[in-house]
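**Q** One structure follows; several queries about it will come next.
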């Protein structure tokens, strides 16, 4: 029997029972639709996390003091004081793969403007920090190297702090606020950045020269972090290696000693978060995949009933010349047509529901080609796999008994 | 001497039922020539159905030989038998066995779908011719539930004719029909036999039906009891004309 005739026979058989064929497809439609939609939502959230992190500067490198043993007592990294001006000098002198460098210290406290006050954090950094963190000014000017040298009492202010200290909408530029009993003149306003991926308000901040914070507020010579920018994203790893070696030399660590600092890149963070949302995608896909299998079992069930119900038809077909192989192929083709048609409708449903999610909930979604192709292949395989057993049963019927079947 | 279509030699068919062996056919010999109209008669249990299955190449003899159009079916595989049925036999069943929700034309085309040498255009043309031969040219698009019993059986006969078989094998083809319609079907069969020279083997248990054929084979307990030429063939067409006109419908 030719392939064209085979498709013709299977199509006609399905046409005789349109509603049943559609109901059988429903499992596949829902299965494929949900695979497409789930993967699209998972991919979308992964992409949006990646975008947010890129916004923070993908070639940014941070150095933190690490926990270490000090006379047998383990000390938490944050309270361990290892990063000093000497490290900055060494890094600036030796590391070629970084373009910008900024030490960072921070102090929590109340910012006060007349009768209003607001608890916030003051970061003490160098002017390069704005570039490294991809921060920009909405208004005013940034402080300079000269301000760093003179420990000038100037600061940049974030939008959240403005909202709380200047609720009337007055221009904060040039105003004096107090932080830790020290009066600071506001010289610039940071462009709002909103919340980051961890739910932190990135606008609830004051930024001042690090020397000012170190000398006038903290009275400390240590840095809590060092921020650096690699020349580009590709040279990040090289920069990390160089920085690690430089800091080990600067800290006079012997070869058997562990690092007393950690060097992190955004890549690690991106990878971590991506793998989290990647795991979510896998879970959603598995759930959707299960529904696809259930759809397949639905096909098997209906094909099985169909074989029993159409025993007489099978007997007739055999008596007029259909071979076992022809009957097998007919039922297999019916199952595959059901599953593939269901797959096509399912892909469309997936697209539509993805669009609905994006439009109504505002979630970012990305329909990946691979999920469409994969669902399609799975559909065809499901049809063949679950259609084979009933089809084989049909093909092995004895024409004499099948003809007499009532 | 005309060509032999069927040749049956010392044919036996036994079934094993548990520990018992049932002898359905106990040694049968007969031949059918091209253009004959043979009825096979017998009461139930006479081996009629078993013989029919073997004649239709749906079953094989246990012992003995069956040549259909010169081919010994004993050596053929399941698939080869299917192909033989497709090319050489036209079945007409008691229950018509048309595909539901399928037009008359598509039902008639069905056997040709399993013959890959025939193109779609030729298939259609031959199906239309076959429907014309059974006088249903105007019912192409009717599905079985839109046709009367007699019309359905005529579609089934068209389906049996469409592959141009060497033999039409009818199994109680008039069993589900009233006598008037039965005579119509028999008239059609006689016409196909006489005008187109079709060989017809008609299995029935009604002596009335047998009287329209040229030869009757009587089966009893698995052997041929009587094999006689019918000297006085009735014409179904005349019987039909002489039937009183009923108006009780």
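The values are calculated or read from the model by the stated rules, or taken from the named source; none is laboratory data. The model shown is predicted, which means the values in this text are computed figures rather than measured ones. Ideal geometry is used to build each Cβ from the backbone, glycine not excepted, and the neighbour counts take in all protein chains shown.
**Q** Step by step: first the residues of region A:351-383, then only those that are in contact with a helix residue (DSSP H, G or I) (Cβ under 7 Å, 6 or more places away or on another chain) and farther than 24 Å from residue A:295 by Cα, then the one that is nearest to the other protein chains (Cβ to nearest Cβ). Which residue is that?
**A** A:365
**Q** Taking strands (runs of 3 or more DSSP E) that do not extend beyond region A:151-192, which have at least 2 residues that are in contact (Cβ under 8 Å) with a residue 12 or more places away in the chain, within 33 Å of the chain's Cα centre (by Cα) and under 21 Å from residue A:136 (Cβ atoms)?
**A** So the answer is A:154-157, A:182-190.
**Q** Are there any pairs, at least 6 apart or on different chains, whose C-beta atoms fall under 6 Å, with the first in region A:313-329 and more than 7 Å from chain B (Cβ to nearest Cβ) and the second surrounded by fewer than 24 Cβ atoms within 10 Å (Cβ to Cβ) and outside any helix (DSSP H, G or I), and if so, which?
**A** A:314/A:397
**Q** Return a yes/no flag: does region A:175-182 have any residue that is over 25 Å from residue A:61 (Cα atoms) and buried (at least 19 other Cβ atoms within 10 Å of the Cβ).
**A** yes
**Q** Another question, then. Just checking, which of B:115, B:163 is within 14 Å of the chain's Cα centre (by Cα), modelled with pLDDT under 95, within 14 Å of chain A (Cβ to nearest Cβ) and within 19 Å of residue A:319 (Cα to Cα)?
**A** B:163
**Q** When you scan region B:37-50, how many residues do you find that are in contact with a helix residue (DSSP H, G or I) (Cβ under 7 Å, 6 or more places away or on another chain) and over 15 Å from residue B:225 (Cα atoms)?
**A** 1
**Q** Take residue A:321 and decide whether it is assigned to a helix (DSSP H, G or I), out of contact with any strand residue (DSSP E or B) (no Cβ under 7 Å at 6 or more places or on another chain) and in the same structural domain as residue A:20 (by TED's automatic domain parsing).
**A** So residue A:321 does not fit the description; no.
**Q** Quick one: is residue A:386 within 30 Å of residue B:116 (Cβ to Cβ) and away from chain B (no Cβ under 14 Å)?
**A** Judged against the criteria, residue A:386 is a match.
**Q** Of all residues in region B:105-132, how many are surrounded by 14 or more Cβ atoms within 10 Å (Cβ to Cβ) and farther than 28 Å from residue B:49 by Cβ?
**A** Residues that pass the stated criteria total 12.
**Q** Determine, yes or no, whether residue A:343 is more than 12 Å from every other protein chain (Cβ to nearest Cβ) and either out of contact with any strand residue (DSSP E or B) (no Cβ under 7 Å at 6 or more places or on another chain) or without any contact (Cβ under 8 Å) to a residue 12 or more places away in the chain (or both).
**A** When the stated conditions are applied, residue A:343 passes them.
**Q** Another question, then. Would you call residue B:34 touching a residue at least 60 places away in the same chain (Cβ under 8 Å), over 28 Å from residue A:325 (Cβ atoms) and out of contact with any helix residue (DSSP H, G or I) (no Cβ under 8 Å at 6 or more places or on another chain)?
**A** yes
**Q** Is it fair to say residue B:19 is farther than 16 Å from residue A:318 by Cα and crowded, with 21+ Cβ neighbours inside 10 Å?
**A** On the way: farther than 16 Å from residue A:318 by Cα: yes; crowded, with 21+ Cβ neighbours inside 10 Å: no.
It is false that residue B:19 is farther than 16 Å from residue A:318 by Cα and crowded, with 21+ Cβ neighbours inside 10 Å.
**Q** Hey, another quick one. Would you mind finding the one in A:294, A:299 that is at pLDDT below 90 and under 30 Å from residue B:106 (Cβ atoms)?
**A** A:299
**Q** Next question, about the same structure. Let me confirm something: among A:213, A:263, which residue is under 23 Å from the mean Cα position of the chain (by Cα) and either touching a residue at least 24 places away in the same chain (Cβ under 8 Å) or in a strand (DSSP E or B) (or both)?
**A** So the residue among A:213, A:263 that is under 23 Å from the mean Cα position of the chain (by Cα) and either touching a residue at least 24 places away in the same chain (Cβ under 8 Å) or in a strand (DSSP E or B) (or both) is A:263.
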